[in-house]
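The values are calculated or read from the model by the stated rules, or taken from the named source; none is laboratory data. For clarity, every value in this text was computed on a predicted model and none was experimentally measured. Backbone-built Cβ (ideal geometry, glycine too); neighbour counts: all protein chains shown.
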């Protein structure tokens with residue numbers, strides 16, 4: 001019996017090492033899980049029990065005050081601050097911004113400032129989307145993704161369920177499971193996020209960039225807290241200007257960060273030309289298109305340095321092993337996150353800057369839109 005037990009343990013250890021779980025989440029299981037949600041007659045998980053025997057749901061685990069590196073007591077990244085972050089970006093929020101503005105905000109909840117995820121913001125459909133719960137630009141055929149992990153909202157033409165963090169109606173995890181915990185099941189055990197992780201052609205949810213199924217990227221060890229031009233997340237993009245007319249139904253590459261957005265906002269990605277023949281001008285701002293190396297785009301950053309901007313980042317045609325402080329026009333890629341945050345920001349449409357201050361020809365700003373459109377300002 002002892003011999004059999006020893007052989008079983010050796011086999012289990014071999015499997016763990018082979019699949020990389022030796023560097024997965026560590027610590028007491030009870031930090032995240034509860035067996036029966038009961039201890040001394042008191043519920044362990046407030047509001048529970050939760051699926052997968054968890055102590056809390058997605059929102060509770062990723063909520064907290066603004067603290068150093070925006071980690072809470074669970075050592076989890078804070079994406080919903082309990083107090084005003086004071087702004088967005090380096091030293092204020094993580095890469096995706098913060099849901100604080102859409103959930104609470106200085107002047108109260110504002111649906112324009114972030115994704116109104118169930119449990120964070122009410123299902124108010126009158127401010128930003130007159131079509132109800134259906135995301136703007138919704139393309140039912142955009143999923144499944146590269147991992148063939150199901151279709152968001154079961155590819156229905158309209159939504160009757162509010163957006164969630166994960167699962168069938170969410171961004172993270174797989175889209176085959178109707179529940180959030182089922183959609184993200186097992187992913188945290190494969191990636192702690194505490195070391196810089198390169199996701200290059202991942203085959204699992206846990207191995208994907210930020211648990212976005214099949215998406216490539218380089219995740220900075222502290223989720224872009226205090227990011228700099230030399231130390232930041234790296235995003236994956238592919239220049240695919242074809243098949244972008246008003247009859248387009250295809251997505252050239254399903255591993256880019258822009259495709260992660262297109263899973264809900266597909267027509268903002270696949271139908272950007274102002275015709276059915278691919279003719280200019282653009283009907284919508286292009287994504288997954290190379291930043292030109294001529295004209296008003298001759299340099300990235302108006303000072304001509306091509307220094308990477310954490311305010312208006314770009315994607316790369318290959319996922320680097322380490323982040324780079326420079327941008328190469330003609331090679332690097334315009335993406336959705338060049339202009340937007342994923343979770344929330346203090347600007348309408350989850351923008352990275354105040355759009356109203358972008359004054360072509362008369363302004364003095366060298367940031368925001370003018371990071372790429374370098375000849376449009378007055379300098």
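List of remarks:
- Verdict on residue 351 being out of contact with any helix residue (DSSP H, G or I) (no Cβ under 8 Å at 6 or more places or on another chain), modelled with pLDDT of 95 or more, within 26 Å of residue 265 (Cβ to Cβ) and surrounded by 15 or more Cβ atoms within 10 Å (Cβ to Cβ): yes
- Qualifying residue in region 192-204 (condition: under 16 Å from the mean Cα position of the chain (by Cα), modelled with pLDDT of 95 or more and assigned to a strand (DSSP E or B)): no
- Which numbered condition residue 226 fails, given (1) in contact (Cβ under 8 Å) with a residue 60 or more places away in the chain; (2) outside any loop (DSSP other than H, G, I, E, B); (3) more than 30 Å from residue 282 (Cβ to Cβ): (2)
- Test: residue 329 is touching a strand residue (DSSP E or B) at 6+ places or on another chain (Cβ under 9 Å), part of a loop (DSSP other than H, G, I, E, B), free of Cβ contacts under 8 Å to residues at least 40 places away in the same chain and surrounded by 14 or more Cβ atoms within 10 Å (Cβ to Cβ): yes
- For region 89-113, the set of residues classified as part of a loop (DSSP other than H, G, I, E, B) and over 13 Å from the mean Cα position of the chain (by Cα) consists of 89, 90, 91, 92, 93, 104, 105, 106, 107, 108, 109, 110, listed by residue number.
- Residue check for residue 116: on the phi < 0 side of the Ramachandran plot, part of a loop (DSSP other than H, G, I, E, B) and either modelled with pLDDT of 90 or more or surrounded by 20 or more Cβ atoms within 10 Å (Cβ to Cβ) (or both): yes
- Residues considered: 122, 85, 130. Of these, the only one that is assigned to a loop (DSSP other than H, G, I, E, B) and either within 22 Å of residue 179 (Cβ to Cβ) or modelled with pLDDT of 95 or more (or both) is 122.
- Residue 249 vs. criteria assigned to a loop (DSSP other than H, G, I, E, B), without any contact (Cβ under 8 Å) to a residue 60 or more places away in the chain and in contact with a helix residue (DSSP H, G or I) (Cβ under 8 Å, 6 or more places away or on another chain): no
- Any chance residue 138 is part of a helix (DSSP H, G or I) and in contact (Cβ under 8 Å) with a residue 60 or more places away in the chain: no
- Region 44-65 residues that are more than 20 Å from residue 82 (Cβ to Cβ), paired with ones that are assigned to a strand (DSSP E or B) and modelled with pLDDT under 85 (beta carbon under 9 Å, 6 or more apart): 48/54; 52/33; 53/33; 54/33
- Top-ranked residue in region 368-379 [being surrounded by fewer than 19 Cβ atoms within 10 Å (Cβ to Cβ) and in contact with a helix residue (DSSP H, G or I) (Cβ under 9 Å, 6 or more places away or on another chain); ranked as modelled with the highest pLDDT]: 373
- Scanning region 269-299 for residues that are more than 26 Å from residue 200 (Cα to Cα) and buried (at least 20 other Cβ atoms within 10 Å of the Cβ) turns up 271, 272, 273.
- Flag if residue 293 is free of Cβ contacts under 8 Å to residues at least 60 places away in the same chain and either farther than 30 Å from residue 377 by Cβ or out of contact with any helix residue (DSSP H, G or I) (no Cβ under 7 Å at 6 or more places or on another chain) (or both): yes
- One residue from 182, 237, 217, 266 being farther than 24 Å from residue 326 by Cα, in contact (Cβ under 8 Å) with a residue 40 or more places away in the chain and surrounded by 19 or more Cβ atoms within 10 Å (Cβ to Cβ): 266
- Of residues in region 30-73 being within 21 Å of residue 207 (Cα to Cα) and assigned to a helix (DSSP H, G or I), the one modelled with the highest pLDDT: 58
- The sole residue among 237, 266, 344 that is more than 29 Å from residue 118 (Cβ to Cβ) and at pLDDT 90 or above is 237.
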